[in-house]
Amino acid sequence: MEGTDIDAGVTRIGHSPTLAGSLGRMGFLDRLFGKNVPAPQAAPPATDAALAELRRTAQDAIIPGFRDFDEVVQQVQDVHELDDAATAEAVVREVWAERRRVQEGWPSVTEGDRLRTAFAILEARGFVARADFTCCNTCGTAEIDDERTPAPNDETGAPQFREWAYTFFHQQDAERLAEEPAHLFLTFSAFAPLRDLDPGLLAAADVGDEAARSEVWRQTDARVGRIVADALAEAGLPVEWDGDPAHRIVIPLPQWRNRLPGTAPATA
């Protein structure tokens, strides 16, 4: 899988029976001879640098606007290997509140709303469309097949599905929306090659001609990409794509605004 884990840089001292026993005997002798034994010291509070790292992780998860509060808390806790959720929850609560205050000044229709509209258009045209889907492109492509909706079997009894194509962006794509200006990349393809292409090309592909099979998939993906790009434009989003199915579709975003889950426009 793609991605880089962030280490919190916390050093933990393991328990040593020998060391513990020595300290216990020293404590007994100190008490016996009347020496003052200092009280155990509380764990030092998190440093400003450590808190800044926690905030950055929270912002990367919150600003894109796809994950709920509990999911963000869990992410911060996991990324920084925190034993206690209290610190993560406090940081997330602060960043969450800041984002809610910011979104009060947004227009009624945001970039996030337009993206949802585009995905709804695509779903009506037989697509699986997913946002913030899986950790990376490899996993997304491998798992998107499981997102299809079963339909009644055909006359041969073969399983059928409502969707014939897909598009998605993964969690790393979503997290990059926290930095403005942003570029959102969409992956796309079909679950099977189209059958309304040149009959001679299809016949060659069916008998194992690798060049023909590659061309069938190239034409299939080019058509899928054009449908995705058109839906994005129809929803009012800018689109950058050169028509090459080997390239992901790009949505350039000078500003990314997507309301947090469970919140509505101020004018609603």
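From zero outward in steps of 10 Å, how is the percent of C-alpha pairs of region 93-229 spread across the bins?
Each 10 Å bin holds this share of Cα pairs: 10, 30, 32, 17, 7, 4, 0.
With the Cα gyration tensor of region 46-149 giving a ≥ b ≥ c as the square roots of its eigenvalues, does the rule (a/c under 1.5 for rounded; else a/b larger than b/c for prolate; else oblate) give rounded, prolate or oblate?
Details: a/c = 3.29, a/b = 1.54, b/c = 2.14.
Verdict is oblate for region 46-149.
Any idea what the relative contact order of region 77-163 is, in percent, if you count C-alpha pairs under 8 Å spaced at least 6 apart? Don't skip to the end; give the middle numbers.
Numbers: 41 pairs, mean separation 13.2, N = 87.
Once normalised by length, the contact order is 15 percent.
How large is ³J(HN,Hα) for each residue in region 188-201, as worked out from phi by the Karplus curve 6.51 cos²θ - 1.76 cosθ + 1.60 (θ = phi - 60°), to whole Hz, x for Gly and Pro?
7, 4, 10, 7, 8, x, 5, 10, 9, 8, 4, x, x, 5
Do any trypsin sites (Lys or Arg not before Pro) in region 195-268 lie in a DSSP loop with no more than 11 other beta carbon atoms within 10 Å, and if so, which?
Details: sites: Arg195, Arg213, Arg218, Arg223, Arg226, Arg248, Arg257, Arg259; in loops: Arg195, Arg248, Arg257, Arg259.
Those satisfying the criteria are Arg195.
For region 150-203, what class follows from the C-alpha gyration tensor (a ≥ b ≥ c being the square roots of its eigenvalues): rounded when a/c is under 1.5, otherwise prolate if a/b is larger than b/c, else oblate? Before the final figure, lay out each step's value.
Details: a/c = 5.73, a/b = 2.03, b/c = 2.83.
Here region 150-203 falls in the oblate category.
Coordinate-derived values only; no laboratory data. Values in this document were obtained by computation on a predicted structure and should not be read as measured data. Note that we place each Cβ from the backbone using ideal geometry, even for glycine, and neighbour counts take in every protein chain shown.
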